[in-house]
Every structure is written in C-alpha cells, then in structure tokens.
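Below is one structure, written out as structure tokens, with a few remarks after it.
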Amino acid sequence: MGACKSKDGISETTRKGGNKPILKSNFTSVEELNDFSKFFPAGTDSALSRNLTKEIWEEYKDQSCPKGVSFKTCIFSGIYNLDSGIGVYAGSHEGYTTFNKLFDKVIEEYHGHGVEDKHVSDMNYEGLQNAEFTPEDSAMVVSTRIRVGRNLAGYPLGPGVSKEERLAIMNTVTEACGKFEGELAGTFYPLEGMS
C-alpha cells in the first residue's frame, strides 16, 4: 500500500469484506508522538481522544511505569487507529496507577466504575446461570476456547510484554490447563504454527 500521502495526516483504507474505512494516522512509532495538537483530527471519537487533555499529556509524556512501559506506548494505538473505541491500553498493572489521571477517567466513562468504587468478585461457579442447550444445539458444539484477556501477576500487559514473556506466560498457562480433568480437560493449540 505504501506510505500515506494525505496532507491532513489521515490514511483511509477499506476493511476486508466491507466498505467502512479504517482510519489511520501518519504516526508510525511512539517516538513521533510530540505535538499533542496533531493527535486527534476532527471527528475522532475514542475514549482516549475524549479524556486525554493537554495537561495530562504534558504530565505523563516522558514517563514510564515501573515495568518500563512508556505512557506513549499506552496511548499509541488510539492515536494511530483513529477509529478505535477505547484507544488506551495499560502496559502493566502498575500503569493504571502511574498514569491514573487518564486511566481513571477512561474506566469511569466506559465501565461507570469510579475511583472510590469497590469491585466485588464472586468466584463461586455454582452461582452462574446459563441457558440450557437443547440436544440439537449441544450437538453443534465441536470445541470451545477460552480467551485470556488479562495477565498473570509479575508480567506486563499486552502493550508492554516481550516475546520471551509471552512464551513464558503461554507455558505457564499451558502447564496449569494441562492439569484439568474431566469435562475441563482439553488440548492446547498455540497460535504459532496454526494453518
């Protein structure tokens, strides 16, 4: 496709199988993030664009969390992908507190969960209410998958994790899941090597 030649800093390509354009900025790396006024062209409507103020940018732009993930890394996806719904991703658990002035606003807007609110977990699976499958519906289920959207303690989150750390996480999870028995037993297939 080549580099974007747009004068306004926006490249439009078309989504595979559809007509809706994918809006991309001309920024190609976090090192290019310097001029706040050029991050969000008119019409950008992500949680990042609504909550990242110039004051927050100035405070955090040269900072990194204790795991070494920079603020610029956390916000890059939302500046590059102008059609992103959220656009900001913590690079580590510590990122939520290190860059709290942005993350607190985004979390409250998206989840309605304020800074003073307390999350209540109920890990008792017996309290879950699931729809019963008919025998016909059950016969259609050949396999299922579990998507792990969060991380193990001691490892950075998606934007800040290295290839070596990803492999260590995969090995740890594979080993743990390999101990499942009965109806929880299954086979793990890594994405790498799949056709």
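The values are calculated or read from the model by the stated rules, or taken from the named source; none is laboratory data. These figures come from a predicted structure and were not determined experimentally. Cβ placement follows ideal geometry from the backbone for every residue including glycine, while neighbour counts extend to all protein chains displayed.
Miscellaneous remarks
- Test: residue in the range 98-115 that is touching a Pro at 6+ places or on another chain (Cβ under 9 Å) and closer than 25 Å to LYS61 by Cα: yes
- Pairs with Cβ under 9 Å, 6+ apart, first in the range 168-195 and closer than 18 Å to LEU152 by Cα, second at pLDDT 85 or above and loosely packed, with under 10 Cβ neighbours inside 10 Å: CYS177/LEU184
- Restricting the range 71-93 to residues that are small (Gly, Ala, Ser) and closer than 12 Å to VAL161 by Cα, the residue that is farthest from the chain's Cα centre (by Cα) is SER92.
- Cβ pairs under 6 Å, 6+ apart, first in the range 57-72 and farther than 14 Å from ASN34 by Cβ, second assigned to a helix (DSSP H, G or I) and hydroxyl-bearing (Ser, Thr, Tyr): CYS65/THR98
- Output for the range 54-68, where each listed residue is outside any helix (DSSP H, G or I), crowded, with 20+ Cβ neighbours inside 10 Å and either outside the structural domain of GLY87 (by TED's automatic domain parsing) or in contact with a Leu (Cβ under 8 Å, 6 or more places away or on another chain) (or both): none
- Taking the range 94-195 and the helices (runs of 4 or more DSSP H) fully enclosed by it, the elements with 2 or more residues that are loosely packed, with under 10 Cβ neighbours inside 10 Å and either at pLDDT 85 or above or within 22 Å of the chain's Cα centre (by Cα) (or both) are at 135-140, 163-177.
- Some residue of the range 55-66 being over 22 Å from the mean Cα position of the chain (by Cα), modelled with pLDDT of 95 or more and more than 21 Å from GLU108 (Cα to Cα): yes
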